[in-house]
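K.L.:
What follows is a structure written as structure tokens; I'll ask about it next.
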Amino acid sequence: MWRAAGATAAAAWGLSVCRAVPRRATSVSVCPAAGPADERLETRVAGLGPGQPVTLRAVAGDACGRLFQSCAQYQADGRGELHLGSDPALGGDYRGVEPMGLFWSLAPASMEKPYQRLVPSVGSPMKVEVLVHQGHSAPGAIPGPLMAKAEVERWFAAPGVRRIRLKEGGVRGSLFLPPGDGPFPGVIDMYGDEGGLIEFRSSLLATRGFAALSLPYFDFEDLPKVMKELKLEYFEEAARFLQRHPKVKGPGVGVIGTGKGAELALSMITFLPEVVAAVSISGCSSNTFTDLHCGEKTLPGLQFDTSKVSVSDTGVFDIFEALDDPTNPANSSCMIPIEKAEGHFLLVVGEDDRIWKSSLYAAMAIRRLRQHGKENFELLSYPGAGHRIDPPFTPFCQVAMDRVLGLPVLGGGERKAHADAQEHSWGKIQEFLHLHLG
């Protein structure tokens, strides 16, 4: 009775009364919960205590059932809330304000084999769980009790994007068409010497309004199992198929490639009039490894000197010095005569590429163009970025298992710088292709 009366009296005098208010249950929200994989997300946590330490984790699986995870340590603000767009990570797999850090820092879980790359599947969205745990826990350690979780779907092909598996003449691959009647700018997409069919960049390009042909050139269906030699006629057939497709806007098409695919992109724009724009990501300005037959002309391939490969104490192979020197006059016949191209180049390089000296090769390409009075190029050069600059928020992989050799190979780069390069270059690549493909 006394307490009730006291409360009533205090209220009558306009005084505040402190009562124990139950804290809200902890919740985490990720918005949008489903959407294109190249878009930023907004992640918020609510219902924490003021200043409470927590660890956020992301967990995802690939098409082979392998588990990937990341973690970062945070501290709630005075209201018991967290916003990854403004609150810094204090430790873990990254530090500072990184709204997408949990995604680009995904790496094989401790029970998985190391050096595996998370290659997204386009047949279904990539599902990622975002979890909130009590206290601060280090990467690889057992986290504290689970407080909240949310699931997000990352689409590499937006609803309405059509995927058509190709067996057109000698051409193999997958054609991705955006929703709608079109016509759309056409782009051929190629990856490096790991072979096979890699589709996720093509499907994202289709999500962004391009008709994109993911083009393998060995180790797929009835294509040669190994890359012994290449014929330009195969790539010419692919360019003509895409150019003549009723959904593709003409008159020319573009090409984007990474590694060996980048140097093939340079050869295509040099020798094929159908190709009017080329994006070279971490490419070489010479033909490498295997001969490229261009009608009556053959570009021999620069070779790799295995005696120049070094191996770290942890068994990681560094092949940075292994490629023959393209500046050696003895190798001049390997040089791609890009000055003959009438189209436009976008050269994208990571300055910490450890596969080969892509910054040097880009400088050589620019010097060759300028020597012939040409300024038909743009250069994007990223300090701290490694070899494989993919679409944004895809996980960084400094060391990756080589699919052909079965050995861990150093690709170079630093997580944060590489992630920034991926996000910035993706927008610039789309601007370049739209500009030169109409």
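K.L.:
Keeping to the range 388-438, report how many residues are part of a helix (DSSP H, G or I) and not aromatic (Phe, Trp, Tyr).
P.N.:
21
K.L.:
Which one is surrounded by the most Cβ atoms within 10 Å (Cβ to Cβ) among residues in the range 276-297 that are outside any loop (DSSP other than H, G, I, E, B) and at pLDDT below 95?
P.N.:
Looking at residues that are outside any loop (DSSP other than H, G, I, E, B) and at pLDDT below 95, I get Cys294.
K.L.:
What residue, among those in the range 310-363 that are within 23 Å of the chain's Cα centre (by Cα) and in a helix (DSSP H, G or I), is surrounded by the fewest Cβ atoms within 10 Å (Cβ to Cβ)?
P.N.:
Leu360
Condition check ((1) in contact with a Gly (Cβ under 8 Å, 6 or more places away or on another chain); (2) crowded, with 20+ Cβ neighbours inside 10 Å; (3) free of Cβ contacts under 8 Å to residues at least 24 places away in the same chain; (4) aliphatic (A, V, I, L, M)) across all residues:
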| position | (1), (2), (3), (4) |
| --- | --- |
| His372 | no, no, no, no |
| Asn376 | yes, no, no, no |
| Gly384 | yes, no, no, no |
| Thr394 | no, yes, no, no |
| Cys397 | yes, yes, no, no |
| Ala417 | yes, no, no, yes |
| His424 | no, no, no, no |
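K.L.:
Can I ask one more? Quickly run through the range 257-309 and pick out the residues that are among the charged types (D, E, K, R) and under 23 Å from the mean Cα position of the chain (by Cα).
P.N.:
If the condition is that a residue be among the charged types (D, E, K, R) and under 23 Å from the mean Cα position of the chain (by Cα), then Lys260, Glu263 are the ones that fit.
K.L.:
Hey, another quick one. Just to check your reading of the model, which residue among Leu118, Leu131, Leu67, Leu102 is in contact with a Phe, Trp or Tyr (Cβ under 8 Å, 6 or more places away or on another chain), among the aliphatic types (A, V, I, L, M) and either touching a residue at least 12 places away in the same chain (Cβ under 8 Å) or under 19 Å from His418 (Cα atoms) (or both)?
P.N.:
Answer to the selection: Leu118.
K.L.:
So the check is Cβ under 6 Å with 6+ separation or different chains; which pairs have a first residue in the range 219-245 that's over 15 Å from Val255 (Cα atoms) and modelled with pLDDT under 95 and a second one that's among the basic types (Lys, Arg) and surrounded by fewer than 18 Cβ atoms within 10 Å (Cβ to Cβ)?
P.N.:
Asp219/Lys225
K.L.:
Condition (residue is open to solvent by less than 40 Å² (accessible area, probe 1.4 Å), more than 21 Å from the chain's Cα centre (by Cα), outside the structural domain of Val404 (by the TED database) and not small (Gly, Ala, Ser)) applied to the range 85-105: is it met by at least one residue?
P.N.:
yes
The values are calculated or read from the model by the stated rules, or taken from the named source; none is laboratory data. Bear in mind the structure is a predicted one, so any value in this text is a computation, not a measurement. No Cβ is skipped: glycine too gets one built from the backbone with ideal geometry, and neighbour counts run over all protein chains shown. Just so you know, the surface numbers come from the protein's heavy atoms only, side chains and all, with ligands and any DNA or RNA stripped out. Shrake-Rupley method; radii C 1.70, N 1.55, O 1.52, S 1.80 Å.
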